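Okay, structure first, notes after.
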Amino acid sequence: MNIAIVSGKGGTGKTTLATGLAYTINANYIDMDAGEPNGRHFLDPEISKSIDCEVMIPENTDKCTYCGICANKCQFSALAVIEKTKKFMLFDDLCHHCGLCVEVCPVKDAIKEISKSIGKINSGIFNKQKNINFVEGVLKIGETSSVPLLEQIKSNLVKEQLNILDSAPGSACPVVSVIEAADFVVLAGEPTPFGLNDLEIVFELVKAMDKPVGLIINKYMGNDLLHDFSKRENVPILGTIPFDRSIAENYSKSINIAELQSKELKHISENLLKLTGYHYE
Amino acid sequence: MKTFISVKESSLDSMLDERFGRAAYFIVVDTDSGEIVKSINNEYINDAHGVGIKAASIAVNENVDSVIGHNFGPKVLEVLKAAGIKMYTSEVKTIKDIIDDYKNNKLSATL
Amino acid sequence: MNNPREILILSGKGGTGKTTVASSLAKLINKKVIADTDVDAADMHIMLNPSLIEEHSFKGRSKAFIEQDKCNQCGLCHSKCKFNAIDKLDNKYIVNSFSCEGCTLCYEVCPTNAIVMEEEEAGKWYLSKTDFGLFVHARLNPGAENSGNLVSMVKHQAKQTAIKNNIDTILIDGPPGIGCPVIASLSGANTVILVTEPTVSGVSDLKRIIGVAQNFKPEIAIVINKFDINTDISKQIDDYANNNKIPILAHIPFDKCIVELLMEKRTPIESNDCPEINKEIKSILNYLGEKHDN
């Protein structure tokens, strides 16, 4: 079972809660915020494997006639072909690795696909006694899209185990990719006008993708912003964590929240497992 | 000689469009006669990425000798250079004035 | 006129205080156009109370649709799609528009021409009036692709608005992360202010965002928010910045008053409750002002 943690807004406590939950219920932790993977700081994993995530980009061969059909058909303007001077130019920052150019090329074997690494997938364990898996995607600096990395991580998840998927902020393609894989979505909310605004946007997405959902209210200061949201949208509250300077200080030192707020985390975990129907031993 | 210019309207009285990839139109001008030989509607104007590559590719396909714009992005430079097309930059003026500047070698060549 | 100067606020890590810093500056800088390029989680409008002047639809890339009466269920589209965007449900092939990137591969390979490409709205962008200047903002439809494209559109419109109104500064609140919307925001930026926090995650993200930003060769400066929650790490950031010759413009203390004011949709500079914070924010302004007057 895959449980995704999303928030819309950044800094509301996704990683804090995802690593805290993984630690509390011995779930595999999967860091899918490949732009800024930070879960490792809170779980202290032992990485045993690091593989490149590769995508395929086109390269022409000596069979190329420089007809330019590939460049004309490319929807991402990633190719320019010049017949006169026999140039085949790929702008790989624009390439989406869709393979269209190879498909539409009228000459056999005139374009071949070569691999390019866009980042790494690191895996290992974070709890030596219990062999709990840790996986993280790390996007290479300068690469624009983490989606191929996330897809590769998803294809290796073990469905029979409990996996906590830590998402990137926002509500664009990488977040869609994470929610797609989820059996249950946890909203990590911050009860401020910013937090509510962004939570509503990502919640729209969760609804459109038809996933069961629950809410954790983080940095709770006693106002009703998110309680009202929960009532309005009929989203169950799994628990609350108070706004507290000492939590921020512990976060800064990468201390796992489950070590300090163990009561809250246990309470949230119980509610979460009840809602998802997952039996945890 | 044929030159390719990014313009706001398809006429010799039009001003140069300072955004090469996002110009409303491109015209091909015969520099000897000073006449427009072809006018092309820029269908990529609203694409957010790769408009420069598309515009440069149009110039390449028109088989022009040179391109005139206000400034060129790195991808435009790369494509036009690979095609052996000369690039000139000009202040924003009417196309008529720019053609005169071209004839009098007053435009600055890029690279 | 010359291109307006673009001041971009970024952070790498989310929730470090980008929008608080950006909206404070928006209320302090004299003459500017304001833009929000965090298009999939835009928050700046909450602080600026904008009144709408224009609303425009933003078209995304066309997406594939399968006309079932023409489909012969050969499955070629399904097997060729690199994005796994074509699902087989009850013996029917259906495009998952969340996954479709609009590459047209299926359209090209379909032997019965059953696939059509249809334009979809990916979001909206707006031009608004605020008490603090003209404001260009946007909203990406949840889950839509092309956030980088919408960012480019917002930046382009902000620039046109600035040129049209003879304004020489654009202040941009950017998105978190290092991916496509960030790269689209960085293109053309003159000054990048990185808002960070003294946490292990904050520092790790700061280094990554600096790596991305440097490719665009802007002037880079750092603001440390909540600097006092971990003075050891704050010191590390100071040293790192020093060694890399990046100026640190402000050390903003952790104070509940920022959040309390945010609840009332006010920035710290609109209140006398947090004098320390105001002093620090004003030193960011001084830095920008000094450079600006040149």
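Which of the residues spanning segment A:222-246 are surrounded by fewer than 17 Cβ atoms within 10 Å (Cβ to Cβ) and more than 22 Å from C:Gly202 (Cβ to Cβ)? Answer for segment A:222-246, where residues must be surrounded by fewer than 17 Cβ atoms within 10 Å (Cβ to Cβ) and more than 22 Å from C:Gly202 (Cβ to Cβ): A:Gly222, A:Asn223, A:Asp224, A:His227, A:Asp228, A:Lys231, A:Arg232, A:Glu233, A:Asn234, A:Pro236. Residue count for segment A:134-193 under the criterion of being of a type in the set (Gly, Ala, Ser) and touching a His at 6+ places or on another chain (Cβ under 8 Å): the result is 1. In this structure, B:Gly52 does satisfy being within 11 Å of another protein chain (Cβ to nearest Cβ), surrounded by 19 or more Cβ atoms within 10 Å (Cβ to Cβ) and in contact with a Pro (Cβ under 9 Å, 6 or more places away or on another chain).
Of the set (1) in contact with a strand residue (DSSP E or B) (Cβ under 6 Å, 6 or more places away or on another chain); (2) more than 9 Å from chain C (Cβ to nearest Cβ), all apply to A:Val202 but (2).
Exactly one residue out of A:Ile179, A:Ile164 is among the hydrophobic types (A, V, I, L, M, F, W, C), at pLDDT 95 or above and not in a strand (DSSP E or B): that is A:Ile179. Within segment A:266-281, if we keep just the residues that are in a helix (DSSP H, G or I) and touching a Leu at 6+ places or on another chain (Cβ under 7 Å), the residue that is farthest from A:Thr15 (Cα to Cα) turns out to be A:Asn271.
Within segment A:18-34, can one find any residue that is touching a His at 6+ places or on another chain (Cβ under 8 Å) and of a type outside the set (Val, Ile, Thr)? Scanning segment A:18-34 turns up no residue that is touching a His at 6+ places or on another chain (Cβ under 8 Å) and of a type outside the set (Val, Ile, Thr).
Taking the criterion of being farther than 23 Å from A:Asp52 by Cα, within 14 Å of chain C (Cβ to nearest Cβ) and part of a loop (DSSP other than H, G, I, E, B), the residues of segment A:91-119 that qualify are A:Cys105, A:Pro106.
Counting only residues that are in contact with a Leu (Cβ under 7 Å, 6 or more places away or on another chain) and more than 9 Å from chain C (Cβ to nearest Cβ), segment A:170-183 holds 3 of them.
Quick check, is B:Asp13 away from chain A (no Cβ under 14 Å), in a helix (DSSP H, G or I) and not aliphatic (A, V, I, L, M)? Criteria not met by B:Asp13. The helices (runs of 4 or more DSSP H) falling completely within segment B:25-111 that include 2 or more residues that are more than 11 Å from the chain's Cα centre (by Cα) and in contact (Cβ under 8 Å) with a residue 40 or more places away in the chain map to B:95-103. Within segment C:153-177, being closer than 21 Å to C:Lys13 by Cα and more than 10 Å from the chain's Cα centre (by Cα) holds for one residue alone: C:Leu171. Exactly one residue out of C:Leu25, C:Leu52 is modelled with pLDDT of 95 or more, in the same structural domain as C:Lys164 (by TED's automatic domain parsing) and crowded, with 21+ Cβ neighbours inside 10 Å: that is C:Leu25.
Taking A:Glu249 as the residue in question, decide whether it is surrounded by 15 or more Cβ atoms within 10 Å (Cβ to Cβ), assigned to a helix (DSSP H, G or I), within 13 Å of chain C (Cβ to nearest Cβ) and charged (D, E, K, R). Considered against the rule, which asks whether it is surrounded by 15 or more Cβ atoms within 10 Å (Cβ to Cβ), assigned to a helix (DSSP H, G or I), within 13 Å of chain C (Cβ to nearest Cβ) and charged (D, E, K, R), A:Glu249 comes out as yes. Looking at segment A:120-144, which of the residues that are away from chain C (no Cβ under 14 Å) and hydrophobic (A, V, I, L, M, F, W, C) is farthest from C:Ile210 (Cα to Cα)? The selected residue is A:Ile132.
The values are calculated or read from the model by the stated rules, or taken from the named source; none is laboratory data. Everything numeric here is computed off the predicted structure, so don't read it as measured data. All Cβ positions, even for glycine, are placed from backbone atoms using ideal geometry, and neighbour counts span all protein chains on display.
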